[in-house]
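Shown next, in structure tokens, is the structure this report addresses.
Every read-out reported here was derived from the displayed coordinates using simple, explicitly stated rules and does not represent laboratory data. None of these values were measured; they are calculated from a predicted model. Cβ: placed from backbone, ideal geometry, glycine included. Neighbour counts: every protein chain shown.
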Amino acid sequence: MTTINLSAIRRATPQIMASAELSVDTAGEGFTEITREAARFLAKAGAQDGVLLLYLRHTSASLVIQENADPDVRRDLVTALRRLAPDNAGWVHSIEGQDDMPAHVKTMLTGLSLHVPVRDGTMALGTWQGLYLAEHRTRPHHRSILLQFVGCGVNPGL
């Protein structure tokens, strides 16, 4: 028998909107965890209850929520994405290199933005979840992520 329960509803009127830009220099293809940096942003913004929005300003990398306990998961995800969009699939767009078009496909599959609920100043992530920038290009790149918090704060005067 399936049981479904709705918790008590918490209501609040948003008091603040805080924004910042996170710069990440990647090492090339793979996952870079940004959970700590996002948590630091929330603390500096005085976030209490609301939503954290993350938006990546690039089309050959992506943002994902993924397991942060076992690094083998991230290695296997790189392998899976390579299988879904291999470099040597005869892509027409190759002006920036053989890995460029596959990177665009991988970004389309995984996405450029995330929204994470924030409760009591903490991201409401699952036990083994972390925020990651997924770099889909072979060589290192400089990436820019816009962070925004909308909600209630412990110091709404920020």
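Observations on the model:
- Filtered residue count, segment 6-48, keeping only those that are assigned to a strand (DSSP E or B), within 30 Å of P71 (Cβ to Cβ) and either of a type in the set (K, R) or out of contact with any Asp or Glu (no Cβ under 9 Å at 6 or more places or on another chain) (or both): 6
- All positions within segment 45-86 that are under 13 Å from the mean Cα position of the chain (by Cα) and surrounded by fewer than 20 Cβ atoms within 10 Å (Cβ to Cβ): L53, Y55, R57, H58, V64, I65, Q66, E67, N68
- Filtered by the rule that a residue be in contact with a helix residue (DSSP H, G or I) (Cβ under 6 Å, 6 or more places away or on another chain) and outside any strand (DSSP E or B), segment 123-138 gives H136, R137.
- Complete set of residues in segment 100-149 that are among the β-branched types (V, I, T), touching a residue at least 60 places away in the same chain (Cβ under 8 Å) and surrounded by 18 or more Cβ atoms within 10 Å (Cβ to Cβ): V116, V118, I145
- Count of segment 11-31 residues which are polar (S, T, N, Q), closer than 30 Å to L81 by Cα and crowded, with 17+ Cβ neighbours inside 10 Å: 1
- Residues that are within 30 Å of P14 (Cβ to Cβ) and part of a loop (DSSP other than H, G, I, E, B) within segment 63-122 comprise N68, G111, L112, D120, G121, listed in sequence order.
- Hey, V51 outside any loop (DSSP other than H, G, I, E, B), β-branched (V, I, T), touching a Pro at 6+ places or on another chain (Cβ under 8 Å) and farther than 20 Å from H141 by Cβ or not: yes
- Residue in segment 114-136 that is acidic (D, E) and closer than 18 Å to H58 by Cβ present: yes
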